[in-house]
Amino acid sequence: MEKKKLKLNGNTYLLFITVLLFIVMYIAGIIIFHGKGFGRFQVLLNLFISNAGLIVIAAGMTIVMITGGIDISVGSVVALVCMLLAWMMENKGMDAIPALMIVLVVGLIFGVVQGFLVAYLKIQPFIVTLAGMFFARGLTAIISQEMISIKNEVFLSWANAKIYLPFGGTVNKKGVMLYPYVYPSVIIALLILIIVFIMLKYTKFGRSIYAVGGNEQSALLMGLNVKTIKLKAYILNGFLCSIGGFLFCLNTSAGFVEQAKGFEMEAIASSVIGGTLLTGGVGNVIGSLFGVLIKGTIETFITFQGTLSSWWTKITIAALLAFFIILQSLFAKAKEKVNKVS
Amino acid sequence: MNKIKKITSYELFLPIMCFILVLLINVIKTPTFFEVSIKNGVFYGYIIDVINRASELVILAVGMTLVVASSGGTDISVGAVMSVAAALCCYILAGGQQTINAYQNPYVLGILLALVVGVVCGCFNGFLVAKMKIQPMVATLILFTAGRGIAQLITKGQITYIRVENYKLLGANIPGIPLPTTIFVVVIVVLITNIVLKKTALGLYIQSVGINAKASRLVGLKSSRIIFLTYVFCGLCAGIAGLMASSRIYSADANNIGLNMELDAILAVALGGNSLSGGKFTLLGSVIGAYTIQALTTTLYAMSVSADQLPVYKAIVVVIIVSLQSKEFKKIVRGLKDKKADGRKEEQVA
C-alpha cells in the first residue's frame with residue numbers, strides 16, 4: 001500500500017512543482033512590477049494570446065514524448081506553415097480557407113513520413129526529426145527568402161476578431177470601463193487542449209499511447225500494435241503542429257525564414273516542465289499548458305523589465321529545462337532505490 | 001562475385017564511394033576542378049578550397065564520431081559552442097570594445113579561454129549525459145538553443161571585429177607557407193586523436209562502452225567516465241572549430257558562426273559508415289565523410305543553391321543514409337530477396 005502511494009506522488013509531484021512555480025512567479029511579478037499593471041487580468045490573458053500556437057504544439061509534443069519519442073522539427077514546421085500560408089495567399093491569390101486546408105495536409109505529411117521512419121524503420125526519433133527540422137527550414141527558404149506579410153482580409157479578420165469577456169474589466173484613466181479580451185486563436189487552442197486531454201485520458205488510443213511509452217515490450221505482449229500506435233502519435237503531432245503553426249501565424253501575420261527559431265526547445269521545455277518524462281510513459285497536457293504559461297511569464301517579465309535582451313528568455317528556458325531534467329533524473333534514481341530496497 | 005562482396009563489405013567502402021562520386025560530378029561540371037595554381041606564393045584551386053573550407057567540419061566530425069560511438073547519441077550543440085568560443089575569444093582580445101586594431105589582451109589568453117569554454121560546455125553536456133543519464137540529444141539541446149543566446153550576450157548583440165593581421169593567420173595562410181593554416185591544424189588534431197585511440201586502449205574502451213555500457217561497467221570499465229570524456233573532447237573540438245571560423249572572418253558573429261554545422265557533422269559521421277546507434281567507429285571514415293560533404297556543399301553552391309536552402313538536400317541525404325543503415329530496412333530487403341529466391345526455386349521445381 002505504502003509503495004503505491006509513493007509512486008503516485010513521484011509522478012504528480014513534478015506537476016505540482018510546476019503549478020506552484022507558475023503561481024509563485026506570477027505573484028512575484030505582480031509584486032515587482034506593481035506600478036506597471038502586471039496584475040491586470042488582461043496581462044494574464046495575453047499569456048494565452050501570445051502563446052496560443054505553442055499551447056497546441058506543446059500538446060502534440062507531449063503525445064509524442066509519452067510514446068518515448070521526441071520531435072524537434074516543430075519550430076521549422078511552424079515557419080514552413082506560416083511561409084506557405086503567406087505565400088499562397090499573397091503571391092498565389094488563394095483564399096484563406098483552401099490555404100489553411102493545404103497547410104494542415106502538409107503537417108499531416110510531415111507526421112506520416114517522420115512517424116514511418118521512427119516506427120517502422122526504427123530510426124532514432126531525434127535523427128529523423130533533426131533532418132525534418134533542417135528540411136522544413138530549408139523548404140521555407142526555397143519558397144521565399146524575403147518576408148511576406150499577410151494582407152488577406154479574411155485571414156486578418158480571423159486574426160483581429162476580439163472576443164470580450166463580460167467580467168474582470170478595469171477602469172482606465174478616462175474613466176471608461178475596459179473589458180479584457182481574447183482572440184479566437186486562444187479559444188481554438190484551449191478547445192484542442194481539452195480534446196487532447198480527454199483523448200489521452202479516456203480513449204483506448206490514448207491509453208495505448210501511455211502503454212507503449214511505459215514499456216514497449218509489455219505493450220507488444222499485451223497485443224497492442226506498437227508500430228501503428230507510434231505512427232498515429234506522430235501523425236497526430238504533425239497535425240497539431242500545423243494547427244499550432246496556423247495559430248502562431250494569426251499572431252504574427254507574416255512568413256519569414258527565421259520565424260519560430262528555437263520553438264522546438266520551448267515546446268519540449270514546456271512538456272518537460274509540465275511533468276512529461278523524457279523516458280516516456282508519463283505526461284499530461286495540462287502540465288504542458290502550465291509549462292507554456294511559465295515560459296510566457298518569463299517573457300512578460302523581460303518585456304516589463306524593459307532593458308534585458310530577448311535572448312534572456314531562451315537562456316532562462318534552457319536553464320529551467322536543465323533544472324527540471326535533472327530533477328526528473330533524481331526522481332528516477334530515488335524510485336530505483338526504493339524498488340531495490342523493497 | 002566473392003571479390004566484389006569483399007570490396008563492398010570493406011568498412012570504408014561507402015564513404016570512399018560517395019567521395020569519388022561527388023568528385024566525379026565536379027570534374028564533369030568543372031574540368032578545372034583538380035587544377036592547382038600558385039598566386040603570390042599560395043596555392044589556389046577548387047580542391048584546395050574544398051580542403052580548406054572543410055577544416056572546421058573535419059574537426060567537429062572527429063569529436064562527434066567519438067560521442068556517437070560511446071553514447072549512441074549525438075551532440076547537437078557543437079554549432080552553438082563554436083559561436084560561444086568565438087565570441088569569448090573576440091571579447092577577450094577586444095577587451096569589450098567593438099572594433100579594435102591592436103589586441104587589448106594577449107592573443108594566447110583569448111585562444112586558451114576559448115578552448116576552455118569549449119571544454120566547459122563539453123563538461124556540461126557530458127555531466128547531463130553520463131552522470132544524469134539523460135538522452136544525449138535532449139541534454140545537448142539545452143546548449144543548442146541557449147548557446148547562441150550566451151554568445152549574443154558576450155558580444156552584446158553586435159559583431160566584434162578584430163582588425164589585427166595575425167588574428168587572421170589561423171583562418172588564412174602563414175606567410176611563406178603555400179597551404180592554408182587550417183590544414184595543419186586538422187592534420188594535428190586528427191593525428192593526435194588517432195594515435196591516442198590506437199596506441200592506448202581508449203579506442204577499444206569507447207567501442208565497448210558504445211556496444212554495451214552495462215556489460216563494460218561489469219567488466220571493470222568506468223562507462224560513465226568514458227562517455228563524459230568523449231563529450232568533453234567534442235566540446236574542445238567545437239572550441240577549436242569556433243576559433244578557426246572566427247579567424248576566417250576576423251570577427252565574432254554570434255548568429256552565423258557554426259550555423260547548421262551540427263547537421264553537417266552528424267552527416268559526416270553517418271556518411272563515414274559509422275552506425276549512429278553507437279559502438280564500432282572509424283575515424284578515417286568520418287574524415288572522408290566530412291570532405292565529401294564540403295565537396296557537395298561547394299558543388300551545390302556552384303549550382304547556385306543558396307545557403308538557406310542547402311539543408312533541404314542534406315536532410316534528404318541524412319534520411320536516406322540512416323534508413324539504409326537501419327536493421328529494419330535490411331530485414332525488409334532481405335525479406336524481398338528471400339521471396340524472389342523462393343519464387344525461383346518453385347519455378348525450377350515446376
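The values are calculated or read from the model by the stated rules, or taken from the named source; none is laboratory data. Model, not experiment: these values are computed from the prediction. With ideal geometry, Cβ positions are generated from the backbone for all residues, glycine too; neighbour counts draw on all protein chains shown.
Scan segment B:155-180 for residues that are assigned to a helix (DSSP H, G or I) and either modelled with pLDDT of 90 or more or of a type in the set (D, E, K, R) (or both) and jot them down. Explain how you work it out, then say what you get.
Our first condition is that a residue be assigned to a helix (DSSP H, G or I); within segment B:155-180, this holds for B:165-171.
Scanning segment B:155-180 gives B:Glu165, B:Lys168.
What's the number of the only condition in (1) buried (at least 19 other Cβ atoms within 10 Å of the Cβ); (2) away from chain A (no Cβ under 14 Å); (3) part of a loop (DSSP other than H, G, I, E, B) that B:Ala254 fails to meet?
Evaluating B:Ala254 over (1) buried (at least 19 other Cβ atoms within 10 Å of the Cβ); (2) away from chain A (no Cβ under 14 Å); (3) part of a loop (DSSP other than H, G, I, E, B) leaves (2) as the failure.
For B:Gln325, only one of the following conditions fails: (1) farther than 23 Å from B:Ser83 by Cα; (2) more than 10 Å from chain A (Cβ to nearest Cβ); (3) surrounded by fewer than 24 Cβ atoms within 10 Å (Cβ to Cβ). What is its number?
Every listed condition holds for B:Gln325 apart from (2).
Output the residues belonging to segment B:217-235 that are under 17 Å from B:Pro136 (Cβ atoms) and surrounded by 17 or more Cβ atoms within 10 Å (Cβ to Cβ).
To start, the set of residues in segment B:217-235 that are under 17 Å from B:Pro136 (Cβ atoms) comprises B:223-235.
Of everything in segment B:217-235, those that are under 17 Å from B:Pro136 (Cβ atoms) and surrounded by 17 or more Cβ atoms within 10 Å (Cβ to Cβ) turn out to be B:Ser223, B:Ser224, B:Ile226, B:Ile227, B:Phe228, B:Leu229, B:Thr230, B:Tyr231, B:Val232, B:Phe233, B:Cys234, B:Gly235.
Could you check segment A:285-319 and list, in sequence order, the residues that are among the aliphatic types (A, V, I, L, M), at the interface with chain B (Cβ under 10 Å from one of its Cβ atoms) and crowded, with 17+ Cβ neighbours inside 10 Å?
A:Ile315, A:Ile317, A:Ala318
Mind checking whether some residue in segment A:233-247 is more than 19 Å from the chain's Cα centre (by Cα) and outside any loop (DSSP other than H, G, I, E, B)? So that I can check it myself, show each step before the final result.
Initially, segment A:233-247 is screened for residues more than 19 Å from the chain's Cα centre (by Cα), giving none.
Scanning segment A:233-247 turns up no residue that is more than 19 Å from the chain's Cα centre (by Cα) and outside any loop (DSSP other than H, G, I, E, B).
I'd like the full set of residues that are touching a residue at least 12 places away in the same chain (Cβ under 8 Å) and surrounded by fewer than 22 Cβ atoms within 10 Å (Cβ to Cβ), limited to segment A:106-125.
Restricting attention to segment A:106-125, the residues satisfying the condition of being touching a residue at least 12 places away in the same chain (Cβ under 8 Å) are A:106-116, A:118-120, A:125.
Within segment A:106-125, A:Val106, A:Leu108, A:Ile109, A:Val112, A:Val113, A:Phe116, A:Tyr120 meet the criteria.
Going by the conditions given, is B:Arg148 touching a Phe, Trp or Tyr at 6+ places or on another chain (Cβ under 9 Å), at pLDDT below 90, within 13 Å of B:Ala252 (Cα to Cα) and surrounded by 16 or more Cβ atoms within 10 Å (Cβ to Cβ)? Show your work before the answer.
Values: touching a Phe, Trp or Tyr at 6+ places or on another chain (Cβ under 9 Å): yes; at pLDDT below 90: yes; within 13 Å of B:Ala252 (Cα to Cα): yes; surrounded by 16 or more Cβ atoms within 10 Å (Cβ to Cβ): yes.
Criteria met by B:Arg148.
Looking at (1) more than 17 Å from the chain's Cα centre (by Cα); (2) at positive phi; (3) of a type outside the set (A, V, I, L, M), which is the only condition B:Asn260 fails?
Among (1) more than 17 Å from the chain's Cα centre (by Cα); (2) at positive phi; (3) of a type outside the set (A, V, I, L, M), B:Asn260 violates only (1).
Report yes if some residue within segment A:204-213 is over 24 Å from the mean Cα position of the chain (by Cα), part of a helix (DSSP H, G or I), over 21 Å from A:Phe110 (Cβ atoms) and not aromatic (Phe, Trp, Tyr); otherwise report no.
Residues of segment A:204-213 over 24 Å from the mean Cα position of the chain (by Cα): none.
No: zero hits.
Looking at segment B:120-154, which of its residues are within 9 Å of chain A (Cβ to nearest Cβ), part of a helix (DSSP H, G or I) and β-branched (Val, Ile, Thr)?
Those that are within 9 Å of chain A (Cβ to nearest Cβ), part of a helix (DSSP H, G or I) and β-branched (Val, Ile, Thr): B:Val138, B:Ile142, B:Thr145, B:Ile150.
For segment A:126-160, what are the residues that are in a loop (DSSP other than H, G, I, E, B) and either loosely packed, with under 13 Cβ neighbours inside 10 Å or within 14 Å of chain B (Cβ to nearest Cβ) (or both)? Spell out how you get there, then give the answer.
Step one: of segment A:126-160, the residues in a loop (DSSP other than H, G, I, E, B) are A:144-147, A:150-152.
Within segment A:126-160, A:Ser144, A:Gln145, A:Glu146, A:Met147, A:Lys151 meet the criteria.
Identify, from the list A:Gly238, A:Gly244, the residue that is surrounded by 21 or more Cβ atoms within 10 Å (Cβ to Cβ), of a type outside the set (A, V, I, L, M) and within 22 Å of A:Leu293 (Cβ to Cβ). Spell out how you get there, then give the answer.
Working: A:Gly238 fails: within 22 Å of A:Leu293 (Cβ to Cβ).
Exactly one residue qualifies, and that residue is A:Gly244.
So in segment B:151-189, with the set limited to residues that are among the charged types (D, E, K, R) and under 19 Å from B:Ala102 (Cα atoms), which one is surrounded by the fewest Cβ atoms within 10 Å (Cβ to Cβ)? Working first, answer last.
Here is the first cut: in segment B:151-189, the ones among the charged types (D, E, K, R) are B:156, B:163, B:165, B:168.
From what is left, the residues that are under 19 Å from B:Ala102 (Cα atoms) are B:163, B:165, B:168.
Values: B:Arg163: 13, B:Glu165: 10, B:Lys168: 16.
My answer is B:Glu165.
If A:Val341 satisfies all but one of (1) modelled with pLDDT under 75; (2) in contact with a Ser or Thr (Cβ under 9 Å, 6 or more places away or on another chain), what's the number of the condition it fails?
(2)
Within segment B:292-311, which residues are within 14 Å of chain A (Cβ to nearest Cβ), surrounded by 20 or more Cβ atoms within 10 Å (Cβ to Cβ) and among the β-branched types (Val, Ile, Thr)?
Of everything in segment B:292-311, those that are within 14 Å of chain A (Cβ to nearest Cβ), surrounded by 20 or more Cβ atoms within 10 Å (Cβ to Cβ) and among the β-branched types (Val, Ile, Thr) turn out to be B:Ile293, B:Thr297.
Might you check whether a residue that is touching a Pro at 6+ places or on another chain (Cβ under 8 Å), within 22 Å of B:Phe144 (Cβ to Cβ) and in contact (Cβ under 8 Å) with a residue 60 or more places away in the chain occurs anywhere in segment B:264-271? Break it down stepwise before answering.
From segment B:264-271, those touching a Pro at 6+ places or on another chain (Cβ under 8 Å) are B:271; that's our starting set.
Then keep just the ones that are within 22 Å of B:Phe144 (Cβ to Cβ); that gives B:271.
Still in the running and in contact (Cβ under 8 Å) with a residue 60 or more places away in the chain: B:271.
Yes, that holds for at least one residue.
Among the residues of segment A:268-275, is there at least one that is away from every other protein chain (no Cβ under 14 Å), surrounded by 21 or more Cβ atoms within 10 Å (Cβ to Cβ) and in contact with a Leu (Cβ under 8 Å, 6 or more places away or on another chain)? Can you show your working first?
Within segment A:268-275, the subset away from every other protein chain (no Cβ under 14 Å) is A:274-275.
Pick out the ones that are also surrounded by 21 or more Cβ atoms within 10 Å (Cβ to Cβ) and you get A:274-275.
Going one step further and asking which of them are in contact with a Leu (Cβ under 8 Å, 6 or more places away or on another chain), we end up with A:274-275.
Yes.
Limited to segment A:248-278, what total is found for residues that are in a loop (DSSP other than H, G, I, E, B), over 19 Å from A:Lys201 (Cα atoms) and among the β-branched types (Val, Ile, Thr)?
Qualifying residue count for the region: 1.
Here's the yes/no breakdown for (1) out of contact with any Lys or Arg (no Cβ under 7 Å at 6 or more places or on another chain); (2) within 14 Å of chain A (Cβ to nearest Cβ); (3) crowded, with 20+ Cβ neighbours inside 10 Å; (4) modelled with pLDDT under 85:
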{"position": "B:Ala265", "(1), (2), (3), (4)": "yes, yes, yes, no"}
{"position": "B:Ser286", "(1), (2), (3), (4)": "yes, no, yes, no"}
{"position": "B:Ala290", "(1), (2), (3), (4)": "yes, no, yes, no"}
{"position": "B:Ile332", "(1), (2), (3), (4)": "yes, yes, no, yes"}
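Run down A:Ile123, A:Ile97, A:Ile109 and say which single residue is in a helix (DSSP H, G or I), among the β-branched types (Val, Ile, Thr) and either closer than 23 Å to A:Leu54 by Cβ or within 11 Å of another protein chain (Cβ to nearest Cβ) (or both).
So the residue among A:Ile123, A:Ile97, A:Ile109 that is in a helix (DSSP H, G or I), among the β-branched types (Val, Ile, Thr) and either closer than 23 Å to A:Leu54 by Cβ or within 11 Å of another protein chain (Cβ to nearest Cβ) (or both) is A:Ile109.
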